[in-house]
Structures are given as structure tokens and as C-alpha cells.
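Report on the structure given below.
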Amino acid sequence: MRKCVYYVTMSVDGFIAQPDGSTRWMSGAPKSDYGFNEFYYGVGTVVMGKNTYEKILGMSEGAYFPYDDKNVIVATTDETFTAHNSEIEVISENLKERIAREKISDTEGDIWIAGGAALATSLFEEGLVDEVHVFVQPILLGEGISLFGALSRPTCLRLESMEKWPGDIVELRYLTVKSWRVDI
């Protein structure tokens, strides 16, 4: 079965973007890929929310989409939304079922939850996320878009690894588990 991975960068105070959706604060990091190329090589499907998709397209004014080499699913509640490329799947209903099918599909590689706190929260609520890779940048934003929205119940995680990268960025890799105990 394919893994569903939430791979994301946040500030020390838990924000993935500023209130206006800006991620300019991430650009101060030293030039390093922080293991992204290796991670990306193992990805077969990229799932993102509509806002993240539009932000990525806006970075290059629609001329370039960095994930054209992957299966891409854009989740949205906007039933009139269409993607710039007919190869991109837009889904506005039954996200749980679609991601569950993706996890057992024959497609090679992991499923990357690439953006959207609301999207990640909904997939956590459904028990579909297997791993969380959080890159913590040494900055306090004070306000913004949180790593997660409100969860209806706790989700237990087990620290699998941690690594310090250039610029004092820390990568925390967690696995989702059924329960949390101090003796694990």
C-alpha cells in the first residue's frame, strides 16, 4: 500500500503561511534542497488544495507547473474550478474515497499532501495520513495559517527521525500510530 505523507514547512510557532497566504519568509533559508529531491523522487501523486495550486501557478504566472511529471489531484469545494492542464484531476466530492483508492492503486511512489492546512486536517480526520515530515524554520510569525485546523479528536504520532539542516532548520519525521504511550 502506498504511503500518504504530509510534507510541509512551518515556523517555530506553527504557521505554514502568513495571514495573506504568503510564504516569502521561507526564502531566507540557505541554498540547500533539504532532502527534497530524494523525497520528490519517491512521490507518485501530489495532492493539494485549490489555494495552494493557484499560489504555485501564480509564482510563474502559469508558464510553469513544477509537478507536471506526477499525477496531480487538486481538492476544492468549488465545483466550477478547472485546472490549467487537463491531466490534473480536480475533485470536489468524495475526497476520502478518492485518496483511499489512490493508496491501493498500482501507481508507483508515495502520495504527497503538498499544501493546504484544511486539506491535511481533513485527511488526518479520515485516518488517511501515514507520515508527517515537518521542516521547522527558525522564525516566529506571530500569526498566519496554522499547520492544522481544528481536529475533532487527537491524532497520535511517533517520532521516526529528526535532522538538523543548514540555517538551523530542523526536520521532524513522524509516523501516525493508533495510540501514544511514553514507553513506545
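Values in this text are rule-based calculations from the coordinates and carry no lab data. All values reported here derive from a predicted model rather than from experimental measurement. Neighbour counts run over all protein chains shown; Cβ positions are idealised from the backbone, glycine included.
Which whole-Hz couplings ³J(HN,Hα) result when phi for each residue of region 68-82 is put into the Karplus expression 6.51 cos²θ - 1.76 cosθ + 1.60, θ = phi - 60°, listed in order with x for Gly and Pro?
4, 8, 10, 5, 10, 10, 10, 9, 7, 8, 7, 5, 8, 5, 10
Rounded if a/c is under 1.5, else prolate if a/b is larger than b/c, else oblate: which is the chain, with a ≥ b ≥ c the root eigenvalues of its Cα gyration tensor?
Rounded shape, in that the Cα axes give a/c under 1.5.
Which value, in debye to the nearest 20, gives the size of the charge dipole of the chain about its Cα centre, when Lys and Arg are +1 and Asp and Glu are -1 at the Cβ?
480 debye
What's the magnitude of the charge dipole for region 1-47 around its Cα centre, counting Lys and Arg as +1 and Asp and Glu as -1 at the beta-carbon? Answer in Debye, nearest 20. Before the final figure, lay out each step's value.
On the way: 4 positive and 4 negative charges, 30 e Å.
That gives a dipole near 140 debye.
So which of LYS50/LYS103; LYS70/LYS178; LYS3/LYS70; LYS31/LYS55; LYS50/LYS178 end up more than 24 Å apart by C-alpha?
LYS70/LYS178; LYS50/LYS178
For labels at GLU143 and MET26 in the simple 7 Å Cα→Cβ model, what's the distance in nm?
2.2 nm
Positive end of the dipole of region 21-128, charges at C-beta (+1 Lys, Arg; -1 Asp, Glu), about the Cα centre: which of THR23, ASN71, ASN37 has its Cα farthest in that direction?
THR23
Given the -39500 (n - 2.57) contribution per DSSP H run of 4+ residues, what per-residue ellipticity at 222 nm results for the chain, rounded to the nearest 500 deg cm²/dmol?
Values: 4 runs with 34 residues, N = 184.
The helix contribution divided over the chain gives -5000 deg cm²/dmol.
Test of understanding: what is the full-extension gain from ILE91 to LYS178, defined as 0.36 nm times their sequence separation minus their Cα-Cα distance?
Gain on stretching ILE91 to LYS178: 28.5 nm.
Tabulate in residue order the Karplus-calculated ³J(HN,Hα) for region 48-54, using 6.51 cos²θ - 1.76 cosθ + 1.60 with θ = phi - 60°, rounded to whole Hz; enter x for Gly and Pro.
8, x, 4, 4, 5, 4, 5
Just how far, in whole angstrom, is region 1-69 from region 75-92 if you go by their alpha carbon centroids?
18 Å
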